[in-house]
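A.B. asks: Below you will find the structure I want to go over with you.
The values are calculated or read from the model by the stated rules, or taken from the named source; none is laboratory data. As the structure is a computational prediction, the values presented were derived from the model and not from experiment. So basically every Cβ, Gly included, is an ideal-geometry build from the backbone, and we count neighbours across all protein chains shown.
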Amino acid sequence: MSNEEINQSIEALHTEISQLNTTDKAVKDRLLSLVTDLEDQIQNPDSPERRKTTAQGLPTLIEQFESDHPRVTDTLSRLLTTLSGMGI
């Protein structure tokens, strides 16, 4: 996956998160925070602190939102696999 495709995936996440049908603002805030962490990690791939935060937070969020928000978790899963394959 190229950087352009990664950026498109992140933009798709922003769109999907904005369209989530949930009254729980904390859910959206956590997802947006994670997307921000991913964007920072992509910009600074050698940052061990960012890498650790992203690596720990993303799988947990995927598990938590899997049943309620399958489109978001599918996009997150693909992005995690891509970034992992790139060593980010």
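A.B. asks: Just to be sure before I move on: is ILE88 modelled with pLDDT under 75, buried (at least 17 other Cβ atoms within 10 Å of the Cβ) and in a loop (DSSP other than H, G, I, E, B) in the structure I sent?
C.D. replies: Yes.
A.B. asks: Continuing with this model, one more query. Being more than 16 Å from SER77 (Cβ to Cβ), modelled with pLDDT of 70 or more and touching a helix residue (DSSP H, G or I) at 6+ places or on another chain (Cβ under 7 Å) is the filter here, so list the residues in region 42-67 that pass it.
C.D. replies: Residues satisfying the conditions are ILE42, ASN44.
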